[in-house]
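The values are calculated or read from the model by the stated rules, or taken from the named source; none is laboratory data. Remember, predicted model here, so these are calculated numbers, not experimental data. Note that each Cβ is placed from the backbone with ideal geometry, even for glycine, and that neighbours are counted across all protein chains shown. Surface areas here come from the heavy atoms of the whole protein model, side chains and all, with no ligands, DNA or RNA. Shrake-Rupley method; radii C 1.70, N 1.55, O 1.52, S 1.80 Å.
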Amino acid sequence: MSDPHAITRKIDRRHMQVSDEVAIQITSMNKWYGTFHVLRDIDMTVNRGERIVICGPSGSGKSTLIRCINRLEEHQSGQIVVDGTELSSDIKNIDKVRSEVGMVFQHFNLFPHLTIIENCTLAPIWVRKIPKKEAEETAMHFLEKVKIPEQAHKYPGQLSGGQQQRVAIARSLCMKPRIMLFDEPTSALDPEMIKEVLDTMIELAEEGMTMLCVTHEMGFAQAVANRVIFMDQGQIVEQNEPKEFFHNPQSDRTKLFLSQILGH
Amino acid sequence: MSGLHAQTAPFVRDTMLPPEPPPAMQSGVVKWLRENLFSGWLNTILTVLGFVIIALLVQKFLPWFLHSVWDAGSISECRAIIEERWGPGAEGACWAVIRERWPQFLYGFYPAELYWRPVLAFGLLLIAIGPILFTQSQRAATSFITLVAALTFVSILALGQHNVLALVFVAALVAVQVFAPRRLMIFTLLYPAVGFWLLWGGSVWIPVVAVLGFVLGWLAFRLIQPAGGSILGAIAAVLVPVFWWLFAARLAAGALQGVVPLGIEAVRSDRFGGFVLALTIGVTGIGFSLPMGIVLALGRRSDMLLVKTLCVGFIEFIRGVPLITLLFTASLLLNYFLPPGTNFDIILRVIIMVTLFSAAYIAEVIRGGLAALPRGQYEAADALGLDYWKAQRLIIMPQALKISIPGIVSSFIGLFKDTTLVIFVGLLDPLKGITDAVRASIEWKGAYWEPYLFVGAIFWIICFSMSRYSMYLERLLKREHR
Ligand SMILES: Nc1ncnc2c1ncn2[C@@H]1O[C@H](COP(=O)(O)OP(=O)(O)OP(=O)(O)O)[C@@H](O)[C@H]1O
Ligand SMILES: [Mg+2]
């Protein structure tokens, strides 16, 4: 497979266990933008510890799906239950889910007027009400994990794209989330920076984090994911474990997509 | 061997020549002139035309400035001196009018023996906003505050009205800034009451009970919010102070004054004029229109239809009406609606109208700043679990305000200049009200240019400082965040 970012390192699988406990349960969920039916009858169960990669052509609704999970988008029918909390218009539930679910965006969305450490401590201090000092210690811990503790007092604008995305990951982790959502975290990055972000994500997976990643990094999917979901036109067309998914795709649409993206 | 050498290197330089200066056409003044003033025939014509106009202006006005008279008792005396010194028909500036009447331009008809009070109020204002103006650098704030304090000292001493208490108070504030800078914010919050009291005077208990209203509101919020939620808490935080101010404050102030009579001489609003009036209206307007503009801008972008409609309606109404109309409304119409006998101060009414007017414009400026923020900022704030108000306060507003600084400061400058319009409701603004009042005396009848230039210059200094400050802030923020 000709993947420029093939994962060569050895993955430590000791903590990568999928439990029976359900983390996210989506049942017959539908969403419309006006009259446009973006998500159709989505049924999906994510167990704790799963690492799921979602792929599919542009406009297929991948972003919309994971943004529904922390209610950045509102669904119109069906049910989404995250960690036992059902998402409805009830603000309390939304806040509860958002404090459990971390999200990393394609364009990082760091706060440019705050330093790196302030970016990381803001939510713990104001949402979790953690004392500033403790929040700063936690933040430094995670900045060390993503390997940029020395940038803590710079502003986001002074960092490279890859560094910014790692800060964004650290910022999410500072809230100690139980689930992490990634929406194309590497697609705004230059090739040489993709690896450093993927490495950070792999380390996260190795620690047993429940992850949902929209990404076209198939090397990452093969190395880390326990399940790959293929979406097209708002539907989940096919899902399987990575090996089966890549070597034995079932539907024609999946085959077509894989042949395009893997450049056969 | 040597023959070969001779062939391949027919000439070898053995001495280095020093570099020559470039030809005159390529460097220095001549080059600059060529590039900037005479780069084409059109530019050449424009340059010549510009010089001609400047020359004409200088020729016309320079003698007027050069023939300045500072020492005279009246305009006719002035003219006599000019004629005597520079010959018949000579024109000259009679600055004597400023020299004699400058207090009136600054203080209006404020009692002369109380001039120290507006001076102190102005000095304290600058001290109070010092920490806000220079949030980024404590050293700059301290230098600024010390400088202002020194100038206030000198001014009050120069007036010969040295009020020891006032001087001690100013010194104490400088000490607070030096030793416990954060504490100075307490004074900043209290300043409106202090400034009000210094300017209008009267019982000290009036500003005290007014401030007490805010304290009561805060207490009400703290008591009700845990049990009844934020919305009930907010309603209580608004209603309790309003009731206090409307029904209880006056009685409380009266009672306290009866027990402990403390106060300074009261000054009526019709004694206000000149720059004391312009600054009172301008500064209060600026101080209140910014928070109000922020609330309106947020309301206009709100999802709640009622809030949004109210804000849009308000903003569009105010922006569709000239300020003069609002001022007339303040001075005439309000009298019909208010219960007879209520004495609703005219300056206060004007301040309210000016604030509303400026708030509408500032709201639009800030809305522009809000619209310029990428959606990702809202999404990141949401995803981190920040609620609406926290997201606005910590993420959105700091960035939107930063983008809006130039527009906001422009609005402030506009507001300050618009304070001259209060002449139309019978208040003595510095530009027309006071100059007319000065010319109304027999001695200075006919002094036109000098008073206008003097007042204009002061306006220019104030507005230019605001503009420079805005540029400083922009540069600072740009350097910090990029
Ligand atoms: N706010 C919106 N209003 C209307 N239509 C929208 C909106 N956001 C997304 N869409 C549409 O919904 C569809 C799904 O969008 P989505 O962003 O989920 O796609 P995606 O699978 O993430 O695509 P990509 O790989 O390009 O990011 C697209 O056709 C898009 O045009
Ligand atoms: Mg997308």
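Cα-Cα over 29 Å: which of A:Lys62/A:Lys129; A:Lys31/A:Lys129; A:Lys132/B:Lys478? Too far apart for the 29 Å limit: A:Lys62/A:Lys129; A:Lys31/A:Lys129.
Applying both filters, DSSP loop and at most 13 other Cβ atoms within 10 Å, to the chymotrypsin sites (Phe, Trp or Tyr not before Pro) of segment A:179-260 eliminates every site. In this assembly, the B-A interface accounts for approximately 2100 Å² of buried accessible surface in total, computed with a 1.4 Å probe and without ligands, DNA or RNA.
What share of the DSSP beta bridges in chain A is antiparallel, in percent to the nearest 5? Within chain A, antiparallel bridges account for around 55 percent of the total. Counting Cβ atoms of other protein chains within 10 Å of each Cβ in A:94-102 and taking the mean gives 3. Separation of segment A:81-145 from segment B:44-68 is 65 Å, based on Cα centroids. If you sort the three axes of the alpha carbon gyration tensor as a ≥ b ≥ c, you get a/c of 1.5 or more for chain A and a/b no higher than b/c, which makes it oblate. For segment B:24-101, relative contact order (Cα pairs under 8 Å, six or more residues apart, normalised by length) works out to 25 percent. Counting, for every residue in A:58-64, the Cβ atoms of other protein chains within 10 Å of its Cβ and taking the mean gives 0. Note on chain B: helix-only mean residue ellipticity at 222 nm, from DSSP H runs of 4+ residues weighted -39500 (n - 2.57) and normalised by residue number, equals -23500 deg cm²/dmol. Here segment A:125-264 exposes an accessible surface that is 48 percent carbon and sulfur, computed with a 1.4 Å probe and the other protein chains kept in place. For segment B:242-262, backbone nitrogen atoms closer than 13 Å to the point 7 Å from B:Leu223 Cα along Cα-to-C-beta are found at B:244.
The residues B:Phe51, B:Phe153, sorted by heavy-atom accessible surface at 1.4 Å with ligands and nucleic acids left out, run B:Phe51, B:Phe153 from largest to smallest. Across the options A:Phe36, A:Met231, B:Gly369, the greatest Cα extent toward the positive end of the charge dipole of the protein assembly as shown (unit charges at beta carbon of Lys, Arg, Asp, Glu) belongs to B:Gly369.
The fraction of all Cα pairs in segment A:13-161 landing in successive 5 Å bins from 0 to the largest distance is 2, 8, 14, 17, 16, 16, 14, 10, 4, 0, given as whole percents. If the segment from B:Met471 to B:Trp389 were pulled out straight at 0.36 nm per residue, it would be longer than the present Cα-Cα gap by 26.6 nm. Volume of the convex hull of segment B:24-101 (Cα atoms only), normalised per residue: 146 Å³. For the peptide A:106-117, the mean number of other protein chain Cβ atoms found within 10 angstrom of a residue's Cβ is 5. The GNM of chain A, with springs linking C-alpha atoms under 10 angstrom apart, assigns the highest mean-square fluctuation among A:Glu144, A:Glu74, A:Glu217 to A:Glu144. Tell me the carbon and sulfur percent of the accessible area for segment B:272-482, rounded to whole percent, probe radius 1.4 Å. Exposed carbon and sulfur together represent 70 percent of the surface. Averaged per residue, the protein assembly as shown has 53 square angstrom of accessible surface, using a 1.4 angstrom probe with ligands and nucleic acids left out.
Distant-in-sequence amide contacts of A:Val104, defined by a placed amide H-H separation under 5 Å and a gap of 5 or more residues or a different chain, comprise A:Leu181, A:Phe182, A:Asp183. The mean sequence distance of close C-alpha pairs (under 8 Å, at least 6 residues apart), as a share of the length of segment B:167-257, puts its relative contact order at 25 percent. Entry note, chain B: relative contact order of 15 percent, from Cα contacts under 8 Å with a spacing of 6+ residues. So which residue, out of A:Cys120, A:Cys174, A:Cys68, gets the largest mean-square fluctuation from a GNM of chain A using Cα contacts under 10 Å as springs? Maximum fluctuation in the GNM of chain A, among the listed residues, is at A:Cys68.
Pairs of C-alpha atoms in the protein assembly as shown farther apart than 46 Å represent 45 percent of all such pairs.
As a calculated quantity, the FRET efficiency between B:Val215 and B:Val295 at R0 = 22 Å, using C-beta atoms, amounts to about 0.55.
Applying a DSSP loop filter and a limit of 15 other Cβ atoms within 10 Å to the chymotrypsin sites (Phe, Trp or Tyr not before Pro) in segment B:295-394 leaves B:Phe344.
All other residues whose Cβ lies under 14 angstrom from that of B:Ala80 are scored, Lys and Arg at +1 and Asp and Glu at -1, for a net of -4.
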